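What follows is a short report on a single structure.
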Amino acid sequence: MSITAQDRDRIAAAIRTVEARTSGEIVCVLAERSVDATALPIFIAALAALGLPWVLVAFTAMTVHAMLSLQALTFLGLTLILCIPRVRVALMPRRARRAVAHRAALEQFTLRGIARKKERSGILIFVSLAERYARIVADEGIAARVHQREWQAAVDTLTQHMSAGAVSDGLIAAVNLCGEKLAEHFPRSVTSRDELPDRIYVI
């Protein structure tokens, strides 16, 4: 569900159009995945490999050398399979996946310099594809005027588009909905200036 260069241009254009009406700013980040930990897959592979000899002893007449060889192959094979990104994500409970994705969103908010905006009126639209997670993080200036639940319409629209495989259209729709809120509370003035790039970051 990756996006093309044309999609990036469309999203950037939507951000520019919206920001022409507000002093607030929008940053979009699209992550392929937020979960990168390999400890759980390796742990599962190790348990399976350690248990294998007991099964072989009980049901076969294999030599010790053959068992050890099969044990090593089992560990390596399972590790390779379970470390495939989609499999690795699926191994984690849903709540844990969402917690990791939420932490990644907060990290991106800081990394992209949104908090450095003078009016503290920037927002981050974050999507993590593997976790099917979307979040809007607002800086304290806009958060003081707009409750987090008011961004839910944009999040719902975005997740609906994600489910249909149209993540780029979802991001554009979310940008437009968020832009309406920003324009309402932080209208553009003669002193307004863009402090952040009008683009989407794909990580």
- Compute the distance in nm between two label points, each set 7 Å from the Cα along the Cα-to-Cβ direction, one at GLU107 and one at ALA166. 3.2 nm
- In what sequence do ILE136, ILE125 fall when counting other Cβ within 10 Å, fewest first? ILE136, ILE125
- Based on the Cβ-Cβ distance of GLU119 and LEU47, what FRET efficiency does E = 1/(1 + (r/R0)^6) give at R0 = 45 Å, to the nearest 0.05? 0.25
- Of the labelled options (1) -0.52, -0.61, -0.86, -1.31; (2) -0.38, -0.52, -0.80, -1.25; (3) -0.25, -0.40, -0.82, -1.57, which one gives log10 I(q)/I(0) by the Debye sum over Cα atoms at q = 0.08, 0.10, 0.14, 0.19 Å⁻¹ as computed for this structure? (2)
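How big is the charge dipole of the chain about its Cα centre, in debye rounded to the nearest 20, if each Lys and Arg gets +1 on its Cβ and each Asp and Glu gets -1 on its Cβ?
Details: 25 positive and 19 negative charges, 55 e Å.
With Lys and Arg at +1 and Asp and Glu at -1, about 260 debye.
In deg cm²/dmol and to the nearest 500, what is the mean residue ellipticity at 222 nm of the chain if only DSSP H runs of at least 4 residues count, each as -39500 (n - 2.57), divided by the residue total?
Computed mean residue ellipticity for the chain: -18500 deg cm²/dmol.
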- Per residue convex hull volume, Cα only, segment 39-91, in Å³ is 65 Å³
- Message: Could you check the spin-label model distance between LEU196 and GLN152? Points 7 Å from the Cα along Cα→Cβ, value in nm.
- Response: 2.4 nm
- Message: Give the separation of the Cα centroids, segment 1-35 to segment 68-90, in Å.
- Response: 37 Å
- Between LEU56 and ALA96, take the C-beta separation as r, use R0 = 41 Å, and let me know the FRET efficiency to the nearest 0.05. 0.75
- For segment 1-114, restrict the atom set to alpha-carbon positions and state the Rg and Dmax in Å. 22.9, 77
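None of the figures in this text is laboratory data; all of them are computed from the coordinates on show. On a predicted model such as this, the values are computed, not experimentally measured, just so you know. Heads up, the Cβs are rebuilt from the backbone with ideal geometry, glycines too, and the neighbour counts pull from every protein chain shown.
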